[in-house]
Every structure is written in C-alpha cells, then in structure tokens.
Amino acid sequence: MHKHLKDILITHEQIVEESKLLGARISEDYKDQDQSLILVALLKGSVPFLAELMKHISIDIEIDFMDVSSYGMGTESTRDIRILKDLERSVQGRSIIIVEDIVDTGRTLEAVLKILKNKGASTIDVVSLLDKPSRREVTVDVKYVGFEIPNEFVVGFGLDFAEKYRNLPYIGVMHEDYY
C-alpha cells in the first residue's frame with residue numbers, strides 16, 4: 001500500500017470482477033443494437049476503468065473521449081465545468097454509454113449529459129466504477145455502478161490528487177495529512 005494512504009478500499013481483483021459483471025450486463029442490454037455502441041470515456045480518470053471494462057463487453061463497440069474538468073488541483077469541485085476536449089465523431093442517432101471513474105456531486109456528469117443530448121445521441125447511459133451518493137448535489141441517473149463508496153477522498157485506478165496516484169492498481173483512501 002502507498003505510504004500516503006490509510007486504507008485500501010477496493011482491491012484490483014475486486015475491480016476486475018466487477019468490470020466482468022458490468023461488461024456482461026452492458027453486452028446483454030445492448031445486444032440487439034443495429035450500430036455499435038459508443039463508449040465515451042471522460043478523461044483522465046476513467047482510462048484504467050475503460051481499459052478493464054471493454055475487455056468484458058462482447059458486442060461491437062467504438063470508443064471516444066471527452067476531457068471535462070471541474071476539480072483543478074484540489075479535492076473539491078470548483079463547479080466551473082470546462083470542456084477541454086470534445087468528441088472526435090458525430091453521435092447523432094447513436095447509443096452512448098458515458099464511462100466515468102467516479103460520480104460525486106453529479107455536476108460534471110449533468111453537464112456532459114446535456115452536451116451529448118444536444119449532439120443528438122439516441123440513448124445515453126452511464127457506467128461508473130465508483131458512486132459517492134452522499135455528495136450528490138444534482139440528480140443524475142447512473143445505470144451501471146461498480147461500487148458505492150463512503151464520503152472519503154479516494155485515489156488510484158485512474159483517480160488522482162494533483163495528478164498523482166492514478167497508476168495505483170487499487171482504490172485507496174488518502175490520509176488527511178496529504179491533501
């Protein structure tokens with residue numbers, strides 16, 4: 001365990017097992033689609049989850065990325081949602097699943113959902129590795145949730161603090177002294 005962490009909340013093995021279950025559910029739910037499903041990963045934190053999840057989806061998929069920021073270098077959302085990178089393709093009339101690392105206040109996800117609806121996506125669902133419902137400020141529908149977690153500051157498996165700790169293979173809780 002990393003020295004700045006006080007606990008491992010979710011092991012790598014648990015993440016892999018949950019990704020298998022989520023991939024199977026998504027494959028079943030979208031198996032009758034005429035076009036391939038588009039997974040839209042929100043950079044940077046969702047990349048490890050996307051990489052694990054898509055290995056377990058048995059239907060045709062495409063992937064694309066958006067970079068949306070609301071945290072800056074701190075631990076609290078600035079509530080200033082900024083689109084740093086938009087999609088590379090049209091999503092008009094397509095089915096999309098937004099791939100998130102964590103749903104916290106819901107504000108970033110709410111903004112992305114509005115953007116993708118305005119772009120004409122036919123259906124939009126959300127899969128998130130982590131859900132922290134105790135921090136929710138707006139109502140957002142997250143169809144696929146890996147793990148519901150308590151109100152702790154977590155890092156690892158894509159989640160960062162000041163761009164560090166993303167490479168940890170598990171989800172850990174940071175010591176308060178380090179943030």
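Of all residues in segment 144-179, those satisfying the criterion of being under 14 Å from residue 44 (Cα atoms), assigned to a loop (DSSP other than H, G, I, E, B) and not hydrophobic (A, V, I, L, M, F, W, C) are 158, 160, 163, 165, 166, 167.
Rundown of residues vs (1) surrounded by 14 or more Cβ atoms within 10 Å (Cβ to Cβ); (2) out of contact with any Phe, Trp or Tyr (no Cβ under 6 Å at 6 or more places or on another chain); (3) of a type in the set (A, V, I, L, M), yes/no style:
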| site | (1), (2), (3) |
| --- | --- |
| 12 | yes, no, no |
| 32 | no, yes, no |
| 37 | yes, no, yes |
| 40 | yes, yes, yes |
| 47 | yes, yes, yes |
| 54 | yes, yes, yes |
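Check whether at least one residue in segment 78-98 is touching a strand residue (DSSP E or B) at 6+ places or on another chain (Cβ under 9 Å) and within 18 Å of residue 2 (Cβ to Cβ), and report yes or no. Lay out the reasoning, then the answer.
Narrowing segment 78-98 to residues touching a strand residue (DSSP E or B) at 6+ places or on another chain (Cβ under 9 Å): 78, 80-89, 91, 94-98.
Filter once more, keeping what is within 18 Å of residue 2 (Cβ to Cβ): none.
No, because not a single residue in segment 78-98 is touching a strand residue (DSSP E or B) at 6+ places or on another chain (Cβ under 9 Å) and within 18 Å of residue 2 (Cβ to Cβ).
Confirm whether residue 99 is closer than 27 Å to residue 153 by Cβ, of a type in the set (A, V, I, L, M), in contact (Cβ under 8 Å) with a residue 24 or more places away in the chain and surrounded by fewer than 21 Cβ atoms within 10 Å (Cβ to Cβ).
Details: closer than 27 Å to residue 153 by Cβ: yes; of a type in the set (A, V, I, L, M): yes; in contact (Cβ under 8 Å) with a residue 24 or more places away in the chain: yes; surrounded by fewer than 21 Cβ atoms within 10 Å (Cβ to Cβ): no.
Judged against the criteria, residue 99 is not a match.
Being of a type in the set (Gly, Ala, Ser) and in a loop (DSSP other than H, G, I, E, B) is the filter; apply it to segment 12-47 and report the residue that is farthest from the chain's Cα centre (by Cα). Filtering first and then ranking leaves 36. When the criteria are applied in full, residue 25 fails the requirement of being without any contact (Cβ under 8 Å) to a residue 24 or more places away in the chain and either surrounded by 14 or more Cβ atoms within 10 Å (Cβ to Cβ) or touching a Ser or Thr at 6+ places or on another chain (Cβ under 6 Å) (or both). Exactly one residue out of 9, 50 is closer than 21 Å to residue 104 by Cα and in a strand (DSSP E or B), and it is 9. All but one of (1) out of contact with any strand residue (DSSP E or B) (no Cβ under 7 Å at 6 or more places or on another chain); (2) outside any loop (DSSP other than H, G, I, E, B); (3) more than 28 Å from residue 28 (Cβ to Cβ) hold for residue 105; state the number of the condition that does not hold. So the condition that residue 105 fails would be (2).
Here, each number is a calculation from the coordinates, and none is a lab measurement. This structure is a prediction, so every number in the text was calculated from the model and none was measured. Heads up, the Cβs are rebuilt from the backbone with ideal geometry, glycines too, and the neighbour counts pull from every protein chain shown.
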